[in-house]
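Chemist: Can you keep this structure in mind? I'll have questions shortly.
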Amino acid sequence: MPHVVFGLFGTIAAVWVIVEALNSSEANQHRLKLASIVTTLFMWLSYLIGGWWYVVYYGAAVSNSDKTIILGGPWKWSHSFFMEAKEHIFFMLILLSILLPIVTFGNQVFKDRKIRNLSIVIALMIVVLGLGMEGFGAMISKGVKMSLLGGK
């Protein structure tokens, strides 16, 4: 699934931001800004492709959509908890990914310790939420699998 790959790449790019910010100097400001833009770009690609997938395949009002399959099986909670949480938590991830380049482009991170720490905290939150999204998606996929296999 492309939205999963782009989300993972965005999460990895946020780790890149953390590394560049921790080693912040005048020499690496270009890489720091590039990493923040790459993070935002990948997160938005994940959001757009995932949203398209959700509308067309997952939540479609047909008998064989993933949502219908999950809700008809033994792991209903994989939708009712993980998908519902994912749908709402992801907006925080998008907002943080928009904030990251604003902070890195608007300031000289290597000169201001507070701005450097802010960049690191934002990127760290993106990493934590991004990994959470990956785990939630795995639970949703497992819900589909358990329903198709008739598992308990």
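Where a number appears in this text, it was derived from the coordinates with a stated rule and is not lab data. For clarity, every value in this text was computed on a predicted model and none was experimentally measured. Neighbour counts are summed over all protein chains in view; Cβ atoms, including those assigned to glycine, are modelled from backbone coordinates with ideal geometry.
Chemist: Report the Cα-based extents of the stretch 1-53 along its three principal axes, largest first, to the nearest Å.
Modeler: 41, 13, 10
Chemist: Quickly work out the Leu148-to-Phe91 label distance, labels modelled 7 Å from Cα along the C-beta direction, and quote it in nm with one decimal.
Modeler: In this crude label model, Phe91 to Leu148 measures out at 3.1 nm.
Chemist: Right, next: So what is the relative contact order for the stretch 2-149, in percent, with contacts set as C-alpha pairs under 8 Å and at least six apart?
Modeler: Across the stretch 2-149, relative contact order equals 37 percent.
Chemist: Quick one: how many lysine pairs does the stretch 2-149 have with C-alpha atoms less than 30 Å apart and a gap of 8 or more or different chains? Give me the count, please.
Modeler: Total qualifying Lys-Lys pairs in the stretch 2-149 comes to 12.
Chemist: Then there's this: Along each of its three principal axes, how wide is the spread of alpha-carbon positions in the stretch 15-96, in whole angstrom units, largest first?
Modeler: Over the stretch 15-96, Cα extents along the principal axes are 57, 21, 15 Å.
Chemist: Let me ask something else. For the pair His30/Lys114, report the inter-label distance in nm, with labels modelled 7 Å from Cα in the Cβ direction.
Modeler: A separation of 3.0 nm, rounded to one decimal place.
Chemist: Using only C-alpha positions, report the orientation-averaged shadow area of the convex hull of the chain, nm², one decimal.
Modeler: Its average projected convex-hull area is 8.8 nm².
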